[in-house]
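The values are calculated or read from the model by the stated rules, or taken from the named source; none is laboratory data. The structure presented is a predicted model; accordingly, all values stated were derived computationally and were not measured. Positions of Cβ are generated from backbone atoms using ideal geometry, with glycine treated the same way; all protein chains shown enter the neighbour counts.
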Amino acid sequence: MTDTLILSTLIQAKGQQRNGPGWALTLEAKLPQSRYATVLYGQDWADVDAWDVGDAVVATIRRGNLKTDKDPAYDTSYFWDLVSLRPPTKDMSLPYDDIADRPTDPVYDPADGPPPNPAAIGACANHAVDFIVAGILPLPEGRELIGWIREVRDRLYRDVNQAPLAPSGFCYRHNATCQQGKTGAWGHRFEGQWCIDGTVTDVEVV
């Protein structure tokens, strides 16, 4: 357990606290052991005035007070205080130094289909960051972080979230529709052989 964390992330939400005049800032990055975005609280609006929702930031945060009736063994049991916010720099494999230089989102074309679902896109962005941080889809050499997050997010949205439901017995390994034999096994032809229940074999589905 550490007392200070540095998060390279995006600002997901920014607004006034529900029970006071201070600010609340939601970062897409998650604390260790947490399934949720990180929420920070403060009183001095000058700390966050320069930043808007969607901005890429490097946030330095420090462990604060323990929450009421929480287990001190977990990072999520504490409030976290903002130490500083700064823009990403080139030494973090990002292509710009100033947040104003961030690329704009592409214009939506109605010919591409129904308008994107903001909630689903946000969920896919969270999953993209999770997969990258966990090393499942690591940042490729020569790529910048934000562009890679956007690419993974978009692929998850288009190829997973918006993909039509596959029929029974569908082979996800080869992206092929299968037929069911009398034995109950599902199979399809693959390079002159049969793929049965995901395993390539010379045996035909009967």
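Rundown of residues vs (1) assigned to a loop (DSSP other than H, G, I, E, B); (2) within 30 Å of Q33 (Cβ to Cβ); (3) among the aliphatic types (A, V, I, L, M); (4) in the same structural domain as P88 (by TED's automatic domain parsing), yes/no style:
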residue	(1), (2), (3), (4)
I132	no, yes, yes, no
G135	yes, yes, no, no
R143	yes, yes, no, no
G147	no, yes, no, no
V152	no, yes, yes, no
R155	no, yes, no, no
R173	yes, no, no, no
T183	yes, no, no, no
G187	no, no, no, no
Quick one: count up the residues across region 31-69 that are surrounded by 12 or more Cβ atoms within 10 Å (Cβ to Cβ) and touching a Phe, Trp or Tyr at 6+ places or on another chain (Cβ under 8 Å). 14
Would region 147-160 turn up any residue that is hydroxyl-bearing (S, T, Y) and either surrounded by fewer than 11 Cβ atoms within 10 Å (Cβ to Cβ) or over 30 Å from E28 (Cβ atoms) (or both)? no
Residue within region 163-186 that is surrounded by fewer than 16 Cβ atoms within 10 Å (Cβ to Cβ), closer than 30 Å to D55 by Cα and at pLDDT below 85 present: yes
Residue satisfying condition, being among the charged types (D, E, K, R), modelled with pLDDT of 85 or more and within 13 Å of the chain's Cα centre (by Cα), within set R189, R153, R143: R153
